[in-house]
Amino acid sequence: MVFEKLRGWRSRHPFLPKITAGPDRLILTMLAVPGVMVVVAFFLLPLARVALAVADGPDGLATYFIILTNPRYLGSLIQTLAMSAGVTVVALVLCCVSGLFLVRNRFAGRSIVKALLTLPLSFPGVVVGFMVIMLAGRQGVLAEISNALTGERWVFAYNIAGLFVGYLYFSIPRVILAVMASAEKLDIALEEAARSLGAPGWRVVRDVILPGLMPGLISSGAICFATAMGAFGTAFTLATEINVLPMVIYTEFTLNANTAVAASLSIALGLMTWACLAAVRTIAGPSAGIST
Amino acid sequence: MGVSGGGTNHCRAIGGDFDMTVKNTTPRSRGFYAQLVLTLLLCLFILVPIVMSMLAGVTVNVFQGLKSGLTLRWVGEVWMLYSDSILLSVWLALACLAVTLVVGVPLAYVLVRCPGRLSRLFEELLTLPVAIPGLALALALLITYGGFPGYRTSPLFILTGHVLFTLPFMVRSVSAILSAIDLRALEEGAASLGARFWRRFFTVILPNARPGILAGSLMVVTLSIGEFNLTWMLHTPLTKTLPVGLADSYASMRLEIGSAYTLIFFVLIMPLLIAMQVLANWQKPDPRKTVTDDKDMS
């Protein structure tokens with residue numbers, strides 16, 4: 001008994017020699033070994049191989065920069081960046097309005113609405129592409145409606161608008177979750193203060209609500225942007241004429257057997273998405289930046 | 001929303017809803033309805049294609065619409081054509097779960113137990129496969145291991161990709177729970193009662209980590225079943241998974257078959273998604289909830 005008491009007393013007084021309750025180093029190392037092995041063998045090593053594979057390309061070391069030097073790849077990069085940025089902005093605006101609404105108001109069916117909006121979170125890109133076909137394809141609901149109204153079928157699933165809609169479809173759940181999480185933390189007293197001082201509604205939004213939401217918006221925007229940059233399944237299903245970067249990588253690797261270029265483009269794409277998420281994580285804290 | 005037809009103030013009292021503070025005294029503004037309409041439009045945007053594709057999967061002829069009748073013929077045909085892919089996906093998801101449990105849970109414990117620069121660096125490394133597009137990851141695996149024919153053509157190759165992609169989710173989920181509790185005190189308590197490490201690990205640490213393990217497991221299985229970006233690059237004609245089969249059916253089969261296949265996918269994945277949401281609501285906000293409840297009461 002005395003010994004037990006001593007132990008408790010010791011743990012409260014860290015300057016005394018510690019009776020270690022934790023496992024020793026050997027067991028801890030043993031526990032971590034499988035994980036470290038997985039990461040080293042199946043991630044670090046392949047990463048190094050990819051980096052080396054680029055140098056085998058037609059232009060040697062210059063292949064590393066082919067995304068900037070080749071007009072076709074540069075064009076694809078610009079299109080992908082513009083697309084992802086556009087989707088991010090639209091998703092942020094829509095989700096801000098709707099997310100704030102869902103946090104601030106209580107009404108029957110609210111939890112169902114919340115569940116519904118986050119539903120496609122783990123739909124694979126191919127399924128999202130199919131959803132766009134259902135919405136705006138040749139037999140899609142918009143085609144039927146417009147046919148009934150105007151006698152003309154609206155079909156835009158297979159062009160850039162369809163791709164945009166698809167990206168929006170898988171972005172909304174991610175962004176709305178983040179917006180709702182940060183809207184719950186807003187201090188309502190600040191808004192009341194602003195109102196009672198005579199601020200009109202739009203100024204409350206601009207000067208009080210938006211700054212409060214900003215960290216959440218930045219981190220969810222970054223996740224949305226990075227996901228859109230790397231999305232492959234949706235573009236693959238819709239088979240659009242615009243070449244987003246992942247589609248270009250896929251074509252180079254499988255159809256043209258151009259491994260070096262595919263590797264170089266992959267590294268560029270991976271660096272961009274990683275940098276985007278890492279930058280936000282340093283701004284918004286460690287919990288941001290990991291999402292499906 | 002069944003009560004929204006009446007006068008605003010009155011109906012709010014019936015609906016038992018607490019619109020906080022100042023706004024309570026004024027009727028709901030135009031802004032409220034604008035936001036409501038936008039939210040409902042977003043819901044329609046998400047829901048309509050899901051319902052459409054589910055219906056199309058059981059319609060005799062999509063081009064004639066629902067009046068052509070309902071049938072399970074297409075679902076049966078999908079099963080004939082793609083049962084191998086569907087079963088392979090289920091098998092892969094379970095294998096992936098087993099690997100991430102055995103590898104990820106101890107790893108999460110070590111990372112929480114030994115905080116420091118090295119641990120943080122390793123965690124960053126571990127989460128990188130999530131940040132990097134699946135396509136790039138698959139390319140890396142192909143370049144490195146594509147030359148081993150036995151491995152390349154076995155489902156283990158796809159399993160490798162899935163483990164790489166899902167492991168961070170398991171580790172994050174478990175380490176979030178473990179770092180929220182006072183691990184050291186619990187372990188010291190158990191140790192002072194004479195429990196050796198393995199006994200403590202299985203009777204103290206694992207039970208305490210259970211919510212995190214559960215959430216991580218649901219996430220891993222859901223992600224693995226739906227994974228396409230990596231799998232499309234890694235698959236061979238003999239190792240097709242469910243989403244690979246989906247892409248195949250969208251490209252080359254009639255619309256009803258693609259829809260029926262999507263229906264099967266939804267049926268598989270919906271219970272997982274619902275379980276995840278229930279679990280999240282359950283765990284989340286005991287402290288926060290009481291705070292907002294207090295506000296509501298005042």
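No value in this document is a laboratory result; all are computed from the given coordinates. Remember, it's a predicted structure, so these values are computed and weren't measured experimentally. Positions of Cβ are backbone-derived with ideal geometry, glycine not excepted, and every protein chain shown enters the neighbour counts.
Annotations for the structure displayed:
- Cα gyration tensor shape for the protein assembly as shown, rounded if a/c is under 1.5, else prolate or oblate: oblate
- Cα lying deepest toward the dipole's positive end in chain B, options B:111, B:214, B:59, charges on Cβ: B:111
- Calculated SAXS-style log₁₀ I(q)/I(0) at q = 0.14 Å⁻¹ - the stretch A:182-252, Debye, Cα scatterers: -0.61
- Cα lying deepest toward the dipole's positive end in the stretch B:80-292, options B:149, B:202, B:162, charges on Cβ: B:202
- Residue-averaged beta-carbon neighbours from other chains (10 angstrom radius) around A:45-51: 6
- Most mobile listed residue (B:117, B:152, B:172) in chain B, GNM with C-alpha springs under 10 Å: B:117
- Mean separation of Cα contacts under 8 Å, 6 or more apart, over the residue count of the stretch B:80-292: relative contact order %: 32 percent
- Value of relative contact order over the stretch A:89-205, rounded to a whole percent, pairs C-alpha under 8 Å and six or more apart: 34 percent
- Counting Cα-Cα pairs of chain B in 5 Å increments starting at 0 gives whole-percent bin shares of 1, 5, 9, 10, 11, 12, 11, 10, 10, 9, 7, 4, 2, 1, 0.
- In order along the stretch B:175-191, the phi-based Karplus estimate (6.51 cos²θ - 1.76 cosθ + 1.60, θ = phi - 60°) of 3J(HN,Hα) comes to 6, 4, 5, 5, 7, 7, 9, 7, 4, 4, 4, 4, 5, 5, x, 5, 5 Hz; Gly and Pro are listed as x.
- Residues with amide H under 5 Å from that of residue B:59, placed H, sequence gap 5 or more: B:71
- Normalised by the number of residues in chain A, the mean separation of alpha-carbon contacts (under 8 Å, six or more apart) gives a relative contact order of 24 percent.
- Cα-centred dipole magnitude for the stretch B:88-207, charges only on beta-carbon of K, R (+1) and D, E (-1), debye, nearest 20: 180 debye
- Shape of the stretch B:112-216, Cα gyration tensor, a/c cut at 1.5: prolate
- For chain A, the dipole from Cβ point charges (+1 on Lys and Arg, -1 on Asp and Glu) about the Cα centre works out to 1140 debye, to the nearest 20.
- Look at the stretch A:104-113: the mean tally of other chain Cβ atoms within 10 Å of its residues' Cβ atoms is 6.
- Farthest towards the positive end of the charge dipole of chain A, among the residues A:267, A:105, A:118, is the Cα of A:105, using unit charges on the Cβ of Lys, Arg, Asp and Glu.
- For peptides A:220-232, A:169-181, A:63-75, sequence by mean Cβ density within 10 Å, most packed first: A:220-232, A:169-181, A:63-75
- Remark: mean inter-chain Cβ contacts per residue of A:133-145 equal 4, using a 10 Å Cβ-Cβ cutoff to other protein chain atoms.
- Here is the tail figure for the stretch A:174-292: Cα pairs spaced more than 16 Å apart come to 69 percent of all pairs.
- DSSP H segments from chain A that extend 24 Å or more along their own axis, Cα-based, with Kyte-Doolittle mean of 1.0 or above: A:71-104, A:160-184, A:210-230, A:259-284
- Each helix, a run of at least 4 DSSP H residues, gives -39500 (n - 2.57); summed and divided by the residues of the protein assembly as shown, these come to -24000 deg cm²/dmol at 222 nm.
- Extent along principal axes [Cα atoms of chain A; Å; largest to smallest]: 90, 67, 33
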